[in-house]
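Asker: I am attaching a structure below and will ask some questions about it afterwards.
FYI, it's all coordinate maths here, none of it is from the lab. It should be emphasised that the depicted structure is a prediction, and the values quoted were computed from it without experimental measurement. All Cβ positions, glycine included, derive from the backbone under ideal geometry; neighbour counts span all protein chains shown.
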Amino acid sequence: MGKPGPKKCAACKLGPPDWRYTCQECKNEFIMPAPMGPSEEEARVCPKCKSKNIKRTDIVKSEACPPGG
C-alpha cells in the first residue's frame, strides 16, 4: 500500500495549508505545501540556491481551511 494522501477538511474539502519560507542565504521567499512530517521539512531546500538554511515565516491562510472548517 502507498502513503495516504493529505487529510482534507470535511467542511471545505481543502488539503493542508501551504507554508511560506525565506532562505537565509539568498533571501528568496517561496511557498511549499505543509510537510507530512519533521523529516520531510528537514529535507527541504531553497528552490533558488538549494541551501538548507531556510526559515518558515508564515502559513498561507488564503489556502488554509477556515476556522472551524
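Asker: Please list the non-local residues whose amide H lies under 5 Å from the amide H of ILE54, H modeled 1.01 Å from N, same-chain partners needing a gap of 5 or more.
Answerer: GLN24
Asker: Another question, if that's okay. Report the extension gain between GLU41 and THR57 in nm, rounded to one decimal, defined as 0.36 nm multiplied by the number of residues separating them, less their alpha carbon distance.
Answerer: Result for the pair: 4.4 nm of gain on full extension.
Asker: What is the stretch 18-63 by shape, rounded, prolate or oblate, if you read a ≥ b ≥ c off the alpha carbon gyration tensor as root eigenvalues and call it rounded for a/c under 1.5, prolate for a/b larger than b/c, and oblate otherwise?
Answerer: Details: a/c = 2.23, a/b = 1.22, b/c = 1.82.
Oblate shape, in that a/c is at least 1.5 and b/c is the bigger or equal ratio.
Asker: Using the Karplus equation 6.51 cos²θ - 1.76 cosθ + 1.60 (θ = phi - 60°), what ³J(HN,Hα) coupling, rounded to whole Hz, does each residue of the stretch 41-51 give in order, writing x for Gly and Pro?
Answerer: Karplus values, whole Hz, x for Gly and Pro: 5, 5, 7, 6, 9, 5, x, 8, 10, 6, 6.
Asker: Using the basic label-point model (7 angstrom from Cα toward the beta carbon), what is the CYS49 to GLN24 distance in nanometres?
Answerer: Distance between the two pseudo-spin positions: 1.2 nm.
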